Amino acid sequence: MKDAVFMVTMAAALASCGGGNQSPRPTAPAPSPPAAPAEAEPVLQAVGEANINPQNKQAPNAALPAQHEPIMEPKQDADAKIVKTDAEWRAQLTPEEYHILRRKGTERPFTGKFDHHFKDGTYTCKGCGTPLFLSGTKYNSGCGWPAFYDSMKGTIDTVRDTSHGMIRIEITCKKCGGHLGHIFDDGPNPTGLRYCVNSGSMGFIPAEKKPGASK
């Protein structure tokens with residue numbers, strides 16, 4: 001009886017310890033082979049004008065046909081200054097005209113040919129022929145030089161003159177820069193000005209003649 005109990009107890013102890021005929025452990029499943037890469041779908045290129053005839057495409061560095069600007073005729077500026085060399089002025093003018101116009105000289109009073117000249121017409125620059133004064137603005141000032149109370153618009157420039165110890169306003173031809181004389185503020189109405197001008201700096205075109213060559 002004691003032996004039977006012992007045998008039963010040993011059998012139970014072995015069973016609780018996992019001894020005896022134990023079931024084999026399940027083996028891990030074999031890894032599955034890697035999946036084959038998916039085939040890439042072909043990319044369809046849009047058919048357009050750019051790839052139909054690629055040989056006709058112009059190279060980026062190809063020379064473009066030259067484009068020429070239209071030829072324009074040069075325009076003459078009516079207000080352009082007349083510039084000449086000293087030798088050219090000497091050849092064009094008389095010694096007295098050169099002395100007055102280009103060397104800012106002054107003729108002696110009461111000797112000029114236009115001092116007591118009162119014919120109808122236009123007084124012009126002797127250097128370039130630009131019309132300067134109308135005969136209707138000329139008056140007898142008694143100063144010994146031709147005097148005008150107004151000039152033709154846009155024909156004369158003025159500059160401050162401090163020569164000979166005096167302060168005066170010099171007048172010059174706007175076109176060629178020739179010296180004409182001086183301007184003072186003691187003239188008659190309506191301007192109150194006196195353009196005191198050397199006869200040798202001017203020419204004259206009579207009213208009955210068309211503007212062309214001045215005398």
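The single condition among (1) part of a helix (DSSP H, G or I); (2) within 15 Å of Gly121 (Cα to Cα) that Glu208 does not satisfy is (1). Selection over the range 123-157 of residues that are exposed (fewer than 13 other Cβ atoms within 10 Å of the Cβ) and within 42 Å of the chain's Cα centre (by Cα) gives a count of 2.
Every residue, every condition in (1) modelled with pLDDT under 95; (2) surrounded by fewer than 21 Cβ atoms within 10 Å (Cβ to Cβ); (3) part of a helix (DSSP H, G or I), yes or no:
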| position | (1), (2), (3) |
| --- | --- |
| Gly177 | no, yes, no |
| Ile183 | no, yes, no |
| Thr191 | no, yes, no |
| Tyr195 | no, no, no |
| Gly200 | no, no, yes |
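Restricting the range 163-175 to residues that are assigned to a strand (DSSP E or B) and surrounded by 15 or more Cβ atoms within 10 Å (Cβ to Cβ), which is farthest from the chain's Cα centre (by Cα)? Restricting to residues being assigned to a strand (DSSP E or B) and surrounded by 15 or more Cβ atoms within 10 Å (Cβ to Cβ), the top hit is Arg168.
Might you check whether a residue that is in contact with a Ser or Thr (Cβ under 6 Å, 6 or more places away or on another chain) and on the phi < 0 side of the Ramachandran plot occurs anywhere in the range 96-106? The answer is yes; a qualifying residue exists.
The values are calculated or read from the model by the stated rules, or taken from the named source; none is laboratory data. Not measured: the values here are computed from a predicted model. In this analysis, Cβ positions are derived from the backbone assuming ideal geometry, glycine residues included, and neighbour counts consider all displayed protein chains.
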